[in-house]
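J.: Below is the structure I would like to discuss, written out as C-alpha cells.
The values are calculated or read from the model by the stated rules, or taken from the named source; none is laboratory data. A quick note: this is a predicted structure, and the numbers were derived from the prediction, not measured. When we count neighbours, we look across all protein chains shown, and the Cβ atoms used for this are built from the backbone with ideal geometry, even at glycine.
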Amino acid sequence: MHIAARVVALTSAVLLTAGGAALAVAPTASAVSRPSQCQYVWNTPHNAKTTAAVNLRTGPSTSYTSIGILSRGTGFTHYCIAYPTGNNWAWGKVTSGANAGKWGWVYYNYLTL
C-alpha cells in the first residue's frame, strides 16, 4: 500500500471513530486499472507515436465510441494489447497533444516505437 493511501486510510479511521464526516478521495492517475479486454500485458510500458490521425476509443474495436482523435506524431504509452478479431489494439495513455492524459484504445497498426 502506498504511503498516501495509508495516510488516507488512517485519517478516515480517525475521523469516523471521532464521529467526523466521511472522507472522499479521488483515485490518482496511477490507480487506473487495466481493462479486462487486455490479452497480453507488456513487461514494461511501450512509448510510441501515432503514424497517422487515429481515433482513441473506449474499447478495442471500431464499434466502441471515439473519445478523441490523435494526430500524427502524438505520444502514446501502451501497457497491453487485445486482438479480439485478429486485429491488434493497444490500451494506454496519451502523453502529448490535445488529448494528453486520456486513457483508451488505439489501433496498433497506427503506432510506431
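J.: Looking at 68, 104, can you tell me which residue is closer than 23 Å to residue 44 by Cβ and either over 12 Å from the mean Cα position of the chain (by Cα) or not aromatic (Phe, Trp, Tyr) (or both)?
T.: 104
J.: Just to be sure before I move on: is residue 61 among the hydroxyl-bearing types (Ser, Thr, Tyr) and modelled with pLDDT of 95 or more in the structure I sent?
T.: no
J.: Which one of 85, 28 is more than 16 Å from the chain's Cα centre (by Cα), at pLDDT below 95 and either surrounded by fewer than 16 Cβ atoms within 10 Å (Cβ to Cβ) or not assigned by TED's automatic domain parsing to the domain that holds residue 108 (or both)?
T.: 85
J.: Name the residues in the range 45-74 that are closer than 15 Å to residue 113 by Cβ, of a type in the set (Gly, Ala, Ser) and buried (at least 16 other Cβ atoms within 10 Å of the Cβ), would you?
T.: 48
J.: Does the range 36-44 contain at least one residue that is farther than 21 Å from residue 113 by Cα, at pLDDT below 95 and over 17 Å from the mean Cα position of the chain (by Cα)?
T.: Taking every residue of the range 36-44 in turn, none turns out to be farther than 21 Å from residue 113 by Cα, at pLDDT below 95 and over 17 Å from the mean Cα position of the chain (by Cα).
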